[in-house]
């Protein structure tokens, strides 16, 4: 499993703690509202909304909150401004490329927060297109592995399901596929008896920067974690590859 995938796994497994649940709910609600506004309020016909609803359920967001977020799609945000999806690009320590996906009702506030996080973390915000070309859009499916699904069987099953690549760890595998095939691949994996933990649209690095220095690794992990914790930020993608043992030693950074 790549270093960045390992970081994402640790972040997901920690989940939304009680102290951060309010922020987690806000992120999930904004994603649901934006998806409903872009593609309609029916999750059965709006795949992006279906993914957003699944993500909201993963952080234990109450059903009534999800329904309220969907209904909100036909109106305005609380302050009268419409929600917008914005992508920021920048560089972290050691030249690591970072793409930040945000949903906001106040572009100026979000831009200031993202810029401040970059600067405090030893990085810098850059212009559109400066980093995104280091990544390819992909569908990403996380599945739970069991004794009957070892690495070899997982690779074959993913290929049969229509996936392009798979990374395995002890108890999980990350399956990558084309964005257009995400729903089909997920369905095929479930039919094979696999438990799908998470399904999302993602960005996979086309090239990575290897980081073996512990201090540099700590700085990078701290920066991506601070960005990820911003309330308006939905996802953070970075093209670092840090050895798993270094990430494990710095796991406390992912709060």
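Kindly indicate the residue of region 183-201 that is without any contact (Cβ under 8 Å) to a residue 40 or more places away in the chain and not in a loop (DSSP other than H, G, I, E, B) and also surrounded by the most Cβ atoms within 10 Å (Cβ to Cβ) among those meeting that condition. Per the stated criteria, the residue is 188. Applying the criterion of being more than 17 Å from the chain's Cα centre (by Cα) and in a helix (DSSP H, G or I) to the residues of region 159-182, the residue that is surrounded by the most Cβ atoms within 10 Å (Cβ to Cβ) is 161.
In region 234-255, the residue that is farthest from residue 107 (Cα to Cα) out of those that are crowded, with 23+ Cβ neighbours inside 10 Å and in contact with a strand residue (DSSP E or B) (Cβ under 6 Å, 6 or more places away or on another chain) is 240. Using the structure shown, decide if residue 212 is part of a loop (DSSP other than H, G, I, E, B) and either more than 19 Å from the chain's Cα centre (by Cα) or under 25 Å from residue 83 (Cβ atoms) (or both). Against the criterion (part of a loop (DSSP other than H, G, I, E, B) and either more than 19 Å from the chain's Cα centre (by Cα) or under 25 Å from residue 83 (Cβ atoms) (or both)), residue 212 qualifies.
Bear in mind these aren't lab numbers, they're just calculated from the coordinates by the rules spelled out. Everything numeric here is computed off the predicted structure, so don't read it as measured data. Cβ: placed from backbone, ideal geometry, glycine included. Neighbour counts: every protein chain shown.
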